[in-house]
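S.K.: My structure is below; once you've seen it, I'll send some questions.
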Amino acid sequence: MNLKEKLMILSIVIPTYNEEKLIFRCLSSIAKNFTECENDIEVIVVDDGSTDNTVNKVNKCKIKNLRLISKSNGGVSSARNIGIKNSSGKFIWFIDSDDCLLNFDGKQLLNMLSKKGSIDMFLFGFKKMLTEHDEKVVVNKKNEILDHQKFIEQFNEIFTRNEFNVPWNRIIRRSIITTNSIEFDTQMKTGEDAVFNCQLIKYIQKIYIINKPLYRYNLFYSKQTNKYDPELRFNLLKLNNTLKRLVVGQNIDSPFFENKYERMNYTLLANLAQKYKTYYEFKSQINAELLPYTKINFLKLGGREKIFFLLVKFNYVGYLLAKKDSE
């Protein structure tokens with residue numbers, strides 16, 4: 001039977017580009033967790049024009065319903081969109097190729113997806129690896145099902161604990177994505193995951209919050225550069241506007257947006273510091289670079305965001321710290 005003819009319970013979509021050292025570990029962690037129920041999942045790896053040995057590594061992995069789709073290089077968003085179009089599962093899970101799954105009972109997870117038929121999104125904890133040995137575990141307090149109204153009422157609390165800007169700590173009903181024509185923005189190189197998540201929120205009628213970590217986020221593998229990104233303001237301005245529409249449209253508590261706003265402004269300040277060698281040059285461009293002014297209630301900001309707020313306001317210190325980080 002063709003895979004497209006059978007409705008899988010879960011489609012796992014993995015975009016990859018030049019990850020020959022990590023992709024096999026990612027796939028092996030999936031195989032290990034779902035070894036007793038591999039007929040109910042499909043794994044779609046979308047290779048985004050890798051020039052290393054990534055494709056050969058994928059082909060060596062023994063997962064029954066594994067498909068490799070190769071495309072010319074176009075970015076992670078285009079790769080994920082192709083994965084969505086080629087998926088057939090009732091639910092979809094986006095996994096990054098430099099991350100992997102923690103050990104859990106895959107059969108139990110699939111049973112949960114099957115039995116909780118009215119759930120649109122499952123949100124779970126994760127282990128954030130700051131270095132190979134330095135970790136932070138994010139675990140939700142309890143298992144609970146929230147309708148849309150309760151979800152929105154607790155939105156700020158939920159995403160103070162959980163990551164909002166990523167696609168991998170949630171499993172989504174695929175029809176929510178396809179019916180509403182939701183895609184990752186291929187014009188964005190930063191913030192595209194958060195924009196995608198903003199589009200999802202208004203369609204999520206029921207969410208199941210799981211109090212168990214399932215995912216290992218290898219933050220220290222992230223491909224970061226200290227070079228000035230001329231497109232960053234465009235990307236964050238689009239994200240800023242999308243977040244603002246979400247908060248207003250769904251009546252979400254304003255601290256959620258204000259925290260994101262301050263983080264984005266500090267990111268822009270740090271980016272600008274990579275471009276200029278002197279503070280005088282840096283200072284002259286700040287007003288043109290930062291996001292449009294939004295009134296912020298400082299007392300309602302989170303601890304980190306208060307620091308970001310002050311670093312932006314007293315930008316000389318922010319400039320010095322950003323320059324130091326880039327050395």
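The values are calculated or read from the model by the stated rules, or taken from the named source; none is laboratory data. Everything quoted here is computed from the prediction, not taken from an experiment. Reconstructed Cβ throughout: ideal geometry from the backbone, glycine too, with neighbour counts over all protein chains shown. Areas reflect the complete protein model, heavy atoms only, side chains present, ligands, DNA and RNA absent. Shrake-Rupley method; radii C 1.70, N 1.55, O 1.52, S 1.80 Å.
S.K.: Scan region 92-111 for residues that are over 14 Å from I14 (Cα atoms), out of contact with any Asp or Glu (no Cβ under 6 Å at 6 or more places or on another chain) and open to solvent by less than 60 Å² (accessible area, probe 1.4 Å) and jot them down.
M.R.: Residues of region 92-111 that are over 14 Å from I14 (Cα atoms), as a first pass: 102-111.
Now restrict to residues that are out of contact with any Asp or Glu (no Cβ under 6 Å at 6 or more places or on another chain): 102-106, 108-109, 111.
Result: L102, F104, G106, L109.
S.K.: So, one more: Looking only at region 178-215, how many residues end up being more than 25 Å from N265 (Cα to Cα) and either touching a His at 6+ places or on another chain (Cβ under 6 Å) or open to solvent by less than 40 Å² (accessible area, probe 1.4 Å) (or both)? Let's see the steps before the verdict.
M.R.: Here is the first cut: in region 178-215, the residues more than 25 Å from N265 (Cα to Cα) are 178-183, 202-215.
The next check asks that each one be either touching a His at 6+ places or on another chain (Cβ under 6 Å) or open to solvent by less than 40 Å² (accessible area, probe 1.4 Å) (or both); those that pass are 182, 204-205, 207-210, 213-215.
Of the residues in region 178-215, 10 are more than 25 Å from N265 (Cα to Cα) and either touching a His at 6+ places or on another chain (Cβ under 6 Å) or open to solvent by less than 40 Å² (accessible area, probe 1.4 Å) (or both).
S.K.: Show the residue pairs meeting these rules: Cβ distance below 6 Å; 6+ apart or different chains; first residue within region 4-15 and under 15 Å from S97 (Cα atoms) and at pLDDT 95 or above; second residue in a loop (DSSP other than H, G, I, E, B) and open to solvent by 10 Å² or more (accessible area, probe 1.4 Å).
M.R.: none
S.K.: Give region 81-118 a look and list any residue that's more than 20 Å from the chain's Cα centre (by Cα) and hydrophobic (A, V, I, L, M, F, W, C), or say none.
M.R.: Of everything in region 81-118, those that are more than 20 Å from the chain's Cα centre (by Cα) and hydrophobic (A, V, I, L, M, F, W, C) turn out to be F104, L109, L110, M112, L113.
S.K.: Further, regarding this structure: Say whether the condition of being on the phi < 0 side of the Ramachandran plot, open to solvent by 70 Å² or more (accessible area, probe 1.4 Å) and of a type in the set (S, T, Y) is met by at least one residue in region 20-34. If you could, list the steps in order and put the result at the bottom.
M.R.: Within region 20-34, the subset on the phi < 0 side of the Ramachandran plot is 20-34.
Among the residues that remain, those that are also open to solvent by 70 Å² or more (accessible area, probe 1.4 Å) are: 21, 24-25, 32.
Those left that are additionally of a type in the set (S, T, Y): none.
Checked against the condition, which is being on the phi < 0 side of the Ramachandran plot, open to solvent by 70 Å² or more (accessible area, probe 1.4 Å) and of a type in the set (S, T, Y), region 20-34 yields no hits at all.
S.K.: Hey, another quick one. Go through (1) open to solvent by less than 40 Å² (accessible area, probe 1.4 Å); (2) out of contact with any Ser or Thr (no Cβ under 8 Å at 6 or more places or on another chain) for N165 and report which single condition fails.
M.R.: (1)
S.K.: Same structure, new question: Restrict the check to region 259-267 and report whether at least one residue is of a type in the set (S, T, Y), open to solvent by less than 50 Å² (accessible area, probe 1.4 Å) and over 28 Å from N143 (Cβ atoms). Give the derivation first.
M.R.: Let us first name the residues in region 259-267 that are of a type in the set (S, T, Y), namely 261, 266-267.
If we keep only those that are open to solvent by less than 50 Å² (accessible area, probe 1.4 Å) as well, we get 261, 266.
Now narrow it down to the ones that are over 28 Å from N143 (Cβ atoms): 261, 266.
For region 259-267, residues of a type in the set (S, T, Y), open to solvent by less than 50 Å² (accessible area, probe 1.4 Å) and over 28 Å from N143 (Cβ atoms): present.
S.K.: What is the one condition in (1) more than 17 Å from M8 (Cα to Cα); (2) modelled with pLDDT of 95 or more that G83 does not satisfy?
M.R.: Condition (1) is where G83 drops out.
S.K.: Tell me the residue from S114, S72 that is open to solvent by 70 Å² or more (accessible area, probe 1.4 Å) and among the polar types (S, T, N, Q), please.
M.R.: Values: S114 fails: open to solvent by 70 Å² or more (accessible area, probe 1.4 Å).
It is S72.
S.K.: Which numbered condition trips up V43, out of (1) of a type in the set (V, I, T); (2) over 20 Å from L102 (Cβ atoms); (3) in a strand (DSSP E or B); (4) without any contact (Cβ under 8 Å) to a residue 40 or more places away in the chain?
M.R.: Among (1) of a type in the set (V, I, T); (2) over 20 Å from L102 (Cβ atoms); (3) in a strand (DSSP E or B); (4) without any contact (Cβ under 8 Å) to a residue 40 or more places away in the chain, V43 violates only (2).
S.K.: When you scan region 300-323, do you find a residue that is of a type in the set (D, E, K, R) and part of a loop (DSSP other than H, G, I, E, B), even just one? Walk me through it before giving the result.
M.R.: Within region 300-323, the first condition is being of a type in the set (D, E, K, R), and the residues that meet it are 300, 304-306, 313, 323.
Next cut, part of a loop (DSSP other than H, G, I, E, B) only: none.
There is no residue in region 300-323 that is of a type in the set (D, E, K, R) and part of a loop (DSSP other than H, G, I, E, B).
S.K.: Further question on the same structure: Do we find that T51 is at pLDDT 95 or above and over 20 Å from P167 (Cα atoms) in this structure?
M.R.: Numbers: at pLDDT 95 or above: yes; over 20 Å from P167 (Cα atoms): yes.
Answer is yes for this residue.
S.K.: Looking only at residues in region 16-39 that are touching a residue at least 60 places away in the same chain (Cβ under 8 Å) and outside any helix (DSSP H, G or I), which one is nearest to I171 (Cα to Cα)?
M.R.: Across region 16-39, the extreme among qualifying residues is F34.
S.K.: For region 272-296, which residues satisfy the criterion of being more than 24 Å from R245 (Cβ to Cβ), outside any loop (DSSP other than H, G, I, E, B) and touching a residue at least 24 places away in the same chain (Cβ under 8 Å)?
M.R.: Matches in region 272-296: L272, A273, Y279, F282, K283, I286.
S.K.: Within region 46-64, which residues are part of a loop (DSSP other than H, G, I, E, B) and either touching a helix residue (DSSP H, G or I) at 6+ places or on another chain (Cβ under 8 Å) or free of Cβ contacts under 8 Å to residues at least 24 places away in the same chain (or both)? Please lay out each step first, then the result.
M.R.: Taking region 46-64 as the starting set, the residues that turn out to be part of a loop (DSSP other than H, G, I, E, B) are 49-53, 60-64.
Listed by number, the residues that qualify are K60, C61, K62, I63, K64.
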